[in-house]
Every structure is written in structure tokens, then in C-alpha cells.
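The values are calculated or read from the model by the stated rules, or taken from the named source; none is laboratory data. Model, not experiment: these values are computed from the prediction. With ideal geometry, Cβ positions are generated from the backbone for all residues, glycine too; neighbour counts draw on all protein chains shown. Surface areas here come from the heavy atoms of the whole protein model, side chains and all, with no ligands, DNA or RNA. Shrake-Rupley method; radii C 1.70, N 1.55, O 1.52, S 1.80 Å.
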Amino acid sequence: MGRLFGTDGVRGVAGRDLTAELAMDLSVAAAHVLGDASDGKRAVAVVGRDPRASGEFLEAAVVAGLASSGVDVLRLGVLPTPAVAYLTSALGADFGVMLSASHNPAPDNGIKILARGGVKLSDAIEDEIEQRLREPWDRPSGAKVGRVRDAYGEADRYISHVLATLSGSLEGLNVVADCAHGAAYMVAPEALVRAGASVETIGCRPDGLNINSGVGSTHLDKLQQVVISRGADFGLAYDGDADRCLAVTHDGRIVDGDQIMAVLALDLHAQGRLAQDTVVATVMSNLGFKLAMREAGITVVETAVGDRYVLERMKADGYNLGGEQSGHVIMLDHATTGDGLLTSLHLASVVARTGKSLAELASVVTPMPQILINVKGVDRGKAGADELAEAVAVAEAELGDTGRVLIRPSGTEPMIRVMVEAASEDQASSVASRLADVVRVACV
């Protein structure tokens with residue numbers, strides 16, 4: 001069997017890949033690794049979930065596994081992943097568990113485990129949990145079993161926390177919030193209203209099966225329509241577990257993660273609060289974002305794709321802003337992970353404080369046309385083949401300073417991704433197609 005943990009916890013089709021038995025076994029193993037309280041007190045874990053129907057039985061399995069291992073459990077109910085991360089720290093828990101498959105459809109689900117302080121687990125800790133899966137163990141009984149308590153009211157502690165990070169009111173803003181029928185359906189509208197905004201909502205009626213279905217950050221059509229028809233200042237779209245956010249301008253244009261990072265970076269830079277005048281982004285961030293940052297005197301540090309790699313680099317080198325084009329934005333001064341609600345509040349705050357429209361603020365980035373081709377059925381280990389390297393060199397010479405090429409093997413599939421940015425979409429498409437043909441020949 002391959003490694004159980006992926007890039008963002010353990011995921012699969014609930015009931016088939018991700019069973020109640022696996023959820024219980026995994027929580028027992030996590031309790032053995034993370035739940036040994038050094039002060040002699042019983043370990044405490046917080047457990048949250050998104051509204052998926054399968055989250056109900058998976059939550060029951062996880063809670064049972066933890067309590068049977070002697071861990072006290074605070075059941076948070078339906079909350080965003082970043083809320084669970086924050087509350088893991090704020091409540092002094094030894095670790096946290098979030099049940100969600102983020103932007104994936106309702107049949108999928110996942111188990112994400114957070115270490116003390118609400119931070120992601122290292123690869124080494126994940127490996128240790130896997131190694132201890134289904135190991136023999138002495139089961140506590142009587143007074144030594146864990147106790148379970150509902151702590152649904154802690155949602156307000158999270159809302160108060162994100163609101164406390166703002167320096168001003170959102171009064172006067174008319175906003176549409178799309179909560180993807182997901183984990184933010186209660187906390188996002190309440191936080192925006194308490195911040196002073198006038199809010200209309202869509203995607204706020206989860207039934208357990210409709211999460212991310214035609215709404216949210218991966219389906220922006222409905223949000224665009226509602227923003228335009230209602231004459232709103234802008235729209236905000238979260239994904240299923242609300243660890244990321246995208247936006248839509250008053251006239252329906254999409255504002256992606258690169259543009260959101262640019263707005264926040266420029267605002268922090270102007271206040272002298274952008275650590276080392278640097279923002280951290282992945283290699284997939286658009287060249288237009290990097291050019292805009294260079295023009296503003298802001299350094300862009302690149303990492304591999306994945307918000308965990310962005311976070312690792314930020315923590316290692318003392319940066320306080322980073323993220324991905326997909327809308328994962330990490331504001332390390334206020335959170336331990338990407339937080340869609342926090343991001344959206346600060347984005348709205350810049351609009352309110354400057355008096356500029358989101359369209360005007362986001363226009364600092366002129367996205368370069370970007371073409372991505374996934375070449376399937378090839379040997380991903382041959383992404384560095386000489387023939388392909390030569391073709392890339394020719395393409396880069398052709399593009400010059402107005403474009404770039406990225407060849408990236410898939411981490412899990414027999415596939416190589418070809419990404420090309422250029423001054424025009426026709427040129428990007430032509431170069432990408434040419435390189436994809438080379439991959440099909442050179443990487444078999």
C-alpha cells in the first residue's frame with residue numbers, strides 16, 4: 001500500500017476508500033503519537049467538520065477512536081478548517097482533527113490532523129502515525145477513557161479573532177458571499193455583517209450533498225451573475241472548507257489568488273508591515289503577478305506547488321504573506337494556515353479604507369495568458385529528458401522576458417504538466433502544444 005497521507009491529509013471516497021474503520025484506526029494512531037500529555041493531564045483534541053453527509057459518521061468514528069484512547073474531545077461541529085486550526089491553539093488542545101475534502105464533490109471526504117498550535121503535521125509525524133496504525137495497545141477503561149463535550153459555541157471565538165485583526169469598518173460596502181454550501185455558511189456571513197458590510201448570500205443552504213455543487217470558488221458563474229444583477233461592490237467565494245477565497249469585481253471579472261495577494265502585499269508594503277518586503281508564491285503564480293511585484297519593489301520567493309510548501313518557506317525565513325493562485329492565502333501574522341474568511345475580510349478592508357473599487361485595486365496585476373496541458377500516459381520520471389530540455393530552451397528563447405515555460409511531473413499520476421505563459425494566448429497555446437508533442441515522444 002502506498003503512503004496513506006497525501007499533500008493535505010488522508011482523502012478518498014467516504015464509505016469506500018475512507019471508511020469508518022479507517023477513521024477510527026487513524027484517530028487511535030494519532031492519539032498515540034500526539035496525545036501523550038507531558039504534564040500528566042489527559043490529552044485534549046478538537047474535532048470539526050464541513051457539512052458533508054459522510055462527515056457525520058466519520059466524526060462519530062474519529063471521536064470514538066480518540067475517546068477510547070483516553071483523549072478528551074471537544075466537538076466543534078461545522079466550521080472552516082482555519083477555524084479548527086485557530087481553536088486548536090486558542091483552546092490549548094494537544095491536536096486537532098478536521099473532516100473535509102475541501103473543494104471536492106460531496107462523495108469525497110478527508111481527515112486532516114493538526115499538531116499543537118494548529119499547525120500542519122510534518123512528513124515525519126505523518127509517517128509515525130501511519131507506522132502505528134492498528135498497533136496492539138492497552139485500552140483504557142473506567143475513569144481513564146476520554147470524555148466528549150460539544151463546543152459549538154466556540155465558533156464565536158473564531159469570528160471574534162478574525163474581526164480583531166481588522167483596523168477599520170466595512171461599513172458602506174455591499175457584498176455577495178458565496179459559501180459553497182460548505183463549512184463557512186454560518187461564520188462568513190456573520191463575520192462580514194459584524195464588520196459592517198451589507199451582505200447577500202448564496203451557497204448557504206447545505207444539505208450534506210450539495211457542497212461545492214455549482215457554487216463556491218471552483219464555480220464562479222452564479223456569483224458573477226448575482227453580483228452584477230444586485231449591483232454589489234464585489235463578491236467573495238469560498239471553497240468547501242473555507243481555507244481559500246476568490247473574488248469577483250462589480251462587473252463580474254474574476255480576481256484570483258495572485259491578484260488578491262498583490263492587493264494585500266501592496267497594502268502591507270505601504271504600511272511598512274510586509275516582512276522583508278517579500279511575498280511567497282508557488283511556481284504556478286502568473287508572470288503578471290511577479291512583474292507587478294517587481295515594479296512595486298517587492299521580492300517574490302517561489303516554492304513548489306502546494307500551500308504547505310508556501311507555509312514552510314514563510315516560517316523558515318520569517319515572511320508574513322504568501323499563497324497560491326487558487327486562493328490559498330496565508331497571513332502568518334494572524335493565522336497558522338490559509339484562511340479564506342480572514343483573507344476576504346482584509347481584502348474588503350483595503351477596498352473600504354482606500355475608497356478604490358476592487359477592480360481598480362486588482363488591475364495592478366495584468367495576468368499573462370497561461371496555457372496548461374496535462375500530458376497523460378507518459379513516464380513522469382523523464383521530465384528532465386535531454387530532448388525535452390532542448391525544446392524548452394528553444395521555447396524560452398522565443399518567449400524572452402514576456403513569457404516562461406514550466407514543465408512539472410505529476411506527484412501521483414503518469415502525467416507531465418506543460419505550462420506556458422506568453423504575451424498572447426495564441427503564442428502560449430502554440431508553444432505549449434509544441435512542447436506537449438515533445439513530451440509525448442521523449443517521455444515514454
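Taking segment 388-426 as the range and being hydroxyl-bearing (Ser, Thr, Tyr), more than 18 Å from residue 374 (Cα to Cα) and at pLDDT below 90 as the test, only 402 passes. Does residue 346 satisfy the criteria of being touching a helix residue (DSSP H, G or I) at 6+ places or on another chain (Cβ under 8 Å), at pLDDT 95 or above and either under 30 Å from residue 435 (Cα atoms) or assigned to a loop (DSSP other than H, G, I, E, B) (or both)? The answer is no for residue 346. Residues that are crowded, with 17+ Cβ neighbours inside 10 Å and not in a loop (DSSP other than H, G, I, E, B): does segment 211-222 have at least one? Among the residues of segment 211-222, at least one is crowded, with 17+ Cβ neighbours inside 10 Å and not in a loop (DSSP other than H, G, I, E, B), which makes the answer yes.
Residue count for segment 223-236 satisfying the condition of being of a type in the set (A, V, I, L, M, F, W, C) and either assigned to a helix (DSSP H, G or I) or open to solvent by 20 Å² or more (accessible area, probe 1.4 Å) (or both): 4.
Of these, 434, 404, which one is within 20 Å of residue 378 (Cα to Cα), surrounded by 14 or more Cβ atoms within 10 Å (Cβ to Cβ) and of a type in the set (D, E, K, R)? Let's see the steps before the verdict.
On the way: 404 fails: within 20 Å of residue 378 (Cα to Cα).
None of the others qualify; the one that does is 434.
In segment 126-140, the residues that are under 20 Å from residue 11 (Cβ atoms) and open to solvent by less than 40 Å² (accessible area, probe 1.4 Å) form Cβ pairs under 7 Å with partners that are part of a loop (DSSP other than H, G, I, E, B) and not acidic (Asp, Glu), at six or more places apart or across chains, as follows: 126/5. The condition of being over 16 Å from residue 421 (Cβ atoms), of a type in the set (Gly, Ala, Ser) and touching a Phe, Trp or Tyr at 6+ places or on another chain (Cβ under 7 Å) holds for residue 247. Pairing residues of segment 67-89 that are closer than 13 Å to residue 241 by Cα with residues that are among the basic types (Lys, Arg) and assigned to a strand (DSSP E or B), at Cβ distances under 9 Å and at least 6 apart in sequence or on separate chains, gives 77/49; 78/49; 79/49; 81/112; 84/49; 84/112; 85/120. Applying the set (1) at pLDDT below 95; (2) assigned to a helix (DSSP H, G or I) to residue 161 leaves exactly one unmet item: (1).
Here's the yes/no breakdown for (1) touching a Gly at 6+ places or on another chain (Cβ under 8 Å); (2) of a type outside the set (S, T, N, Q):
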position	(1), (2)
4	no, yes
7	yes, no
18	yes, yes
44	yes, yes
61	no, yes
68	yes, no
81	yes, no
93	no, yes
104	yes, no
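Of the residues 37, 45, 93, the single one that is modelled with pLDDT under 95, open to solvent by less than 30 Å² (accessible area, probe 1.4 Å), aliphatic (A, V, I, L, M) and not in a helix (DSSP H, G or I) is 37. When 117, 110 are checked against the criterion of being within 19 Å of the chain's Cα centre (by Cα) and outside any loop (DSSP other than H, G, I, E, B), a single residue qualifies: 110. Restricting 391, 397, 385, 442 to those that are surrounded by fewer than 15 Cβ atoms within 10 Å (Cβ to Cβ), more than 18 Å from residue 305 (Cβ to Cβ) and out of contact with any strand residue (DSSP E or B) (no Cβ under 8 Å at 6 or more places or on another chain) reduces the list to 397.
Selection of segment 218-239 for residues being under 19 Å from residue 81 (Cβ atoms) and touching a helix residue (DSSP H, G or I) at 6+ places or on another chain (Cβ under 9 Å) yields 236, 237, 238, 239.
Which residues, taken from segment 400-435, are more than 19 Å from residue 367 (Cα to Cα) and either touching a strand residue (DSSP E or B) at 6+ places or on another chain (Cβ under 6 Å) or of a type in the set (A, V, I, L, M) (or both)? Steps first, answer last, please.
Kept after step one, since they are more than 19 Å from residue 367 (Cα to Cα), are these residues of segment 400-435: 407-417, 433-435.
The answer is 407, 408, 409, 415, 416, 417, 435.
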